[in-house]
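Remarks on the structure that follows.
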Amino acid sequence: MGKKVTVVGAGFYGSTTAQRLAEYDVFDTVVITDIVEGKPAGLALDLNQSRAVEGFETKVVGVTTGPNGEGYEAIEGSDVVVITAGLPRKPGMSRMDLLETNAKIVRQVAENVAKYAPNAVVIVVSNPLDEMTALAQLATQFPKNRVLGQAGMLDTARFTNFVAEALNVPVKSVKTLTLGSHGDTMVPVPSKSTVNGKPLREAMPAEQIEELVVKTRNGGAEVVALLKTGSAYYAPSAAAARMARAVAEDSGEVMPVCAWVDGQYGISGVYLGVEAEIGAEGVKRVVETDLDADELAALKEAAEAVRAKQADVANM
Ligand SMILES: NC(=O)C1=CN([C@@H]2O[C@H](COP(=O)(O)OP(=O)(O)OC[C@H]3O[C@@H](n4cnc5c(N)ncnc54)[C@H](O)[C@@H]3O)[C@@H](O)[C@H]2O)C=CC1
Ligand SMILES: CC(=O)C(=O)O
């Protein structure tokens, strides 16, 4: 049977994700939902009218959902559900300032996903990301491998872009890695970063790497400060759509994602940014990589920071 993906939330992140997923032409159906009357249907109509130009067959369906789950039947049979519902930051806000508001939204969405798409893999993007991923797992009660969050793909893409720009080299010649939280305890990993296969540390001085590490941690806030009315969505939607595609194609690609960590790196019982093999069942396996002592210490610090917050969201 053909693949079906649902994107919950038809704002900037959701609409651009739906567009990317439709244009891949690997799904039969992309469903996009929102609580706003008419908006998902309008986006679906518009996207379907682009099929003849872009040359894809995927059908986009837009549905407005109600406070008691009305409309959620449309997501039945989804292989993947991407949750983008929730408020974005305003300038000066931290992602954590969204915690209580978005927790209510994500819980309500996740409960409906559990009811109507009980076999789906859930990819959470709503912020604060690590906490909302943990909450979605609690609310769905899905196996932990079937609930994951998008952050590391985006943060890694930002780090890669900044390195490529600084050295004036093609983006594809640069490989970087970012682990940890999607927040202050993000852990960019210079020891695993390369330029044309050579260590990043041979390509630029330590002070410049540190500047780019800080720029990467502030990558989202820098966009928010410029946009003034919302947060980033082009790079974020590229990241989430790739993850959804890896699930649909059961590709086994190794990606940095927010996954349940159970013993890897000496860390247990927390959703955290790590590398993982992604496939039809969500996370097939968390992939542990050698880290420098300071990078490992930073990852453990990130785990403790998000563990405390993830315990709080259980009651939200
Ligand atoms: N994990 C990451 O790397 C990133 C996360 N984000 C987060 O993604 C979320 C969405 O961002 P944007 O799309 O830019 O915001 P947006 O404000 O453009 O869209 C959010 C949409 O969610 C909808 N919504 C609210 N409650 C809902 C519910 N119960 N069911 C369905 N839809 C509902 C709203 O009506 C709105 O259309 C934010 O929390 C933002 O912080 C954004 C960028 C990167
Ligand atoms: C909004 C957000 O989380 C980001 O752009 O990183």
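The values are calculated or read from the model by the stated rules, or taken from the named source; none is laboratory data. Computed from a predicted model, the values in this text were never measured in an experiment. Glycine also receives a Cβ, built like all others from the backbone with ideal geometry; neighbour counts cover every protein chain displayed. Just the protein is used for accessible areas: all its heavy atoms, side chains included, with ligands, DNA and RNA removed. Shrake-Rupley method; radii C 1.70, N 1.55, O 1.52, S 1.80 Å.
Points to keep in mind about this one:
- The lone exception for Ala311 - which of (1) under 29 Å from Pro118 (Cα atoms); (2) open to solvent by less than 30 Å² (accessible area, probe 1.4 Å); (3) among the small types (Gly, Ala, Ser) it fails: (2)
- Restricting the stretch 102-117 to residues that are within 9 Å of ligand 1 (Cβ to nearest atom) and farther than 11 Å from Glu131 by Cα leaves a set whose member that is most open to solvent (accessible area, probe 1.4 Å) is Lys104.
- Flag for Phe56 being surrounded by fewer than 22 Cβ atoms within 10 Å (Cβ to Cβ), within 20 Å of Lys4 (Cβ to Cβ) and under 19 Å from the mean Cα position of the chain (by Cα): no
- Number of the condition not met by Val213 [criteria: (1) within 14 Å of ligand 1 (Cβ to nearest atom); (2) free of Cβ contacts under 8 Å to residues at least 60 places away in the same chain; (3) open to solvent by less than 40 Å² (accessible area, probe 1.4 Å)]: (1)
- Count of the stretch 240-281 residues which are within 16 Å of ligand 1 (Cβ to nearest atom), in a strand (DSSP E or B) and more than 21 Å from Leu135 (Cα to Cα): 1
- Residue among Ser237, Ser231 that alone is under 29 Å from Ala166 (Cβ atoms), of a type in the set (S, T, N, Q), within 16 Å of ligand 1 (Cβ to nearest atom) and part of a loop (DSSP other than H, G, I, E, B): Ser231
- Among residues of the stretch 145-165 that are farther than 16 Å from Tyr13 by Cβ and open to solvent by 40 Å² or more (accessible area, probe 1.4 Å), those with a beta-carbon under 9 Å from a residue that is at pLDDT 95 or above and within 11 Å of ligand 1 (Cβ to nearest atom) at least six positions away or on a different chain give the pairs Asn161/Gly219; Asn161/Ala235.
- When every residue of the stretch 27-42 is checked against the conditions, at least one turns out to be free of Cβ contacts under 8 Å to residues at least 24 places away in the same chain and farther than 20 Å from Val106 by Cα.
- Condition check for Ala10: within 12 Å of ligand 1 (Cβ to nearest atom), under 18 Å from Val122 (Cα atoms) and touching a Lys or Arg at 6+ places or on another chain (Cβ under 8 Å): yes
- Unique residue being buried (at least 24 other Cβ atoms within 10 Å of the Cβ), among the small types (Gly, Ala, Ser), away from ligand 2 (no atom under 16 Å from the Cβ) and at pLDDT 95 or above when the list is Gly62, Gly14, Gly66, Gly77: Gly62
- When the test is whether a residue is farther than 30 Å from Ile209 by Cβ, among the polar types (S, T, N, Q) and away from ligand 2 (no atom under 11 Å from the Cβ), Asn102 passes it.
- Thr185 being open to solvent by 10 Å² or more (accessible area, probe 1.4 Å), hydroxyl-bearing (Ser, Thr, Tyr) and within 18 Å of the chain's Cα centre (by Cα): yes
- Looking across the stretch 33-42, just one residue is of a type in the set (A, V, I, L, M, F, W, C) and over 11 Å from Thr65 (Cβ atoms), and that is Ala41.
- Considering the conditions (1) open to solvent by 20 Å² or more (accessible area, probe 1.4 Å); (2) free of Cβ contacts under 8 Å to residues at least 24 places away in the same chain; (3) touching a helix residue (DSSP H, G or I) at 6+ places or on another chain (Cβ under 6 Å); (4) not polar (S, T, N, Q), Trp260 is excluded by exactly one of them, (2).
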